[in-house]
Amino acid sequence: MNIILLGAPGAGKGTQAAIICKRLQIPTISTGNIIRAALKSGTEMGLKAKSYMDAGRLVPDEVVIGIIKERLSDDDCQGGFILDGFPRTIPQAEALDSMGIIIDKVIDIDVSDAEIISRLSGRRVCESCSDTYHVKYNPPVIENKCDKCNGTLVQRRDDHPNTVKDRLQVYHEQTEPLKGYYSKQGKLFVVKGEGDIDEITRLTLTAIEA
């Protein structure tokens, strides 16, 4: 089964991707991971991506799509895959269709903006060992101190509320229209991504297996 996971930053796609991966025994294809792998292995598309990155420019769609195509041709993808982080725009989705890649289901993990901001802005990371905490859901024993190494906990720049809001705006403008794109194809399944993790997982697996 070929699956796309949609959802805003902080919606919990990674957790659900890991569960689906284990359940169906298919790989998760993360855009960032495969671009790094392509750079490391020196593939044709990886070298093209490197030329843009070395120049401080964004990697264009045609190169990202080429890297995706290379990855999906690997043996471990022939029984299915999970795409997480791609497509991000309707042109990318159209390019995926033009490649002849058949997507069976698109699972949208739906979480409100207020919850996303709460999740991400409450995250804290240890400066020393990189352990992660949350001021509400996973607080340290001593405020702003890591339980593991007593290092100082800090808020990453990407987790500042204003940065999170900017990321959400980009998501709503560029990626959210994919919900309509795949809904018209009858492939979209929306899962409420707030509340008990076991219930979210149950709803996700029900959508996959429907």
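Report yes if Ile65 is more than 30 Å from Arg202 (Cβ to Cβ), in contact with a Leu (Cβ under 9 Å, 6 or more places away or on another chain) and at pLDDT below 95, otherwise no. Judged against the criteria, Ile65 is a match. Somewhere in the stretch 110-133, is a residue surrounded by 15 or more Cβ atoms within 10 Å (Cβ to Cβ) and more than 27 Å from Ile200 (Cα to Cα)? Yes: one or more hits. Applying the criterion of being surrounded by 13 or more Cβ atoms within 10 Å (Cβ to Cβ) and of a type outside the set (S, T, N, Q) to the residues of the stretch 35-46, the residue that is nearest to Leu83 (Cα to Cα) is Ile35.
Of all the residues that make up the stretch 99-117, how many are within 18 Å of the chain's Cα centre (by Cα) and not in a loop (DSSP other than H, G, I, E, B)? Counting residues in the stretch 99-117 that are within 18 Å of the chain's Cα centre (by Cα) and not in a loop (DSSP other than H, G, I, E, B) gives 10.
Here Arg88 fulfils each of the conditions (1) under 25 Å from Ser183 (Cβ atoms); (2) open to solvent by less than 50 Å² (accessible area, probe 1.4 Å); (3) out of contact with any Phe, Trp or Tyr (no Cβ under 6 Å at 6 or more places or on another chain) apart from (2). Please tell me if Glu70 is in contact with a Ser or Thr (Cβ under 9 Å, 6 or more places away or on another chain), open to solvent by 20 Å² or more (accessible area, probe 1.4 Å) and at pLDDT 80 or above. Yes: the conditions hold for Glu70.
Only residues that are under 20 Å from Glu173 (Cβ atoms) and either part of a helix (DSSP H, G or I) or in contact with an Asp or Glu (Cβ under 7 Å, 6 or more places away or on another chain) (or both) were counted across the stretch 68-95, and they come to 6. Can you name every residue in the stretch 154-165 that is open to solvent by 40 Å² or more (accessible area, probe 1.4 Å) and among the acidic types (Asp, Glu)? Asp158 - this is the single residue of the stretch 154-165 that is open to solvent by 40 Å² or more (accessible area, probe 1.4 Å) and among the acidic types (Asp, Glu).
Within the stretch 166-210, restricting attention to residues that are surrounded by 13 or more Cβ atoms within 10 Å (Cβ to Cβ), more than 20 Å from Ser118 (Cβ to Cβ) and β-branched (Val, Ile, Thr), which residue is nearest to the chain's Cα centre (by Cα)? Result: Thr175. Can you tell me how many residues within the stretch 86-127 are of a type in the set (Gly, Ala, Ser) and either modelled with pLDDT of 95 or more or under 25 Å from Val191 (Cβ atoms) (or both)? The number of residues fulfilling the criteria is 6. The residues of the stretch 47-59 that are open to solvent by 80 Å² or more (accessible area, probe 1.4 Å) and either assigned to a loop (DSSP other than H, G, I, E, B) or within 20 Å of Arg88 (Cβ to Cβ) (or both), listed by number, are Lys48, Met53, Arg57, Leu58.
Being polar (S, T, N, Q), loosely packed, with under 15 Cβ neighbours inside 10 Å and modelled with pLDDT of 85 or more, is that true of even one residue in the stretch 23-34? Within the stretch 23-34, one or more residues are polar (S, T, N, Q), loosely packed, with under 15 Cβ neighbours inside 10 Å and modelled with pLDDT of 85 or more. For the stretch 7-19, a tally of residues being in contact with a helix residue (DSSP H, G or I) (Cβ under 6 Å, 6 or more places away or on another chain) and of a type in the set (A, V, I, L, M, F, W, C) returns 2.
The values are calculated or read from the model by the stated rules, or taken from the named source; none is laboratory data. Because the structure is a prediction, the values reported are computed rather than measured. So basically every Cβ, Gly included, is an ideal-geometry build from the backbone, and we count neighbours across all protein chains shown. Ligands, DNA and RNA are stripped out before the accessible areas are found, and what is left, the full protein with its side chains, is counted by its heavy atoms. Shrake-Rupley method; radii C 1.70, N 1.55, O 1.52, S 1.80 Å.
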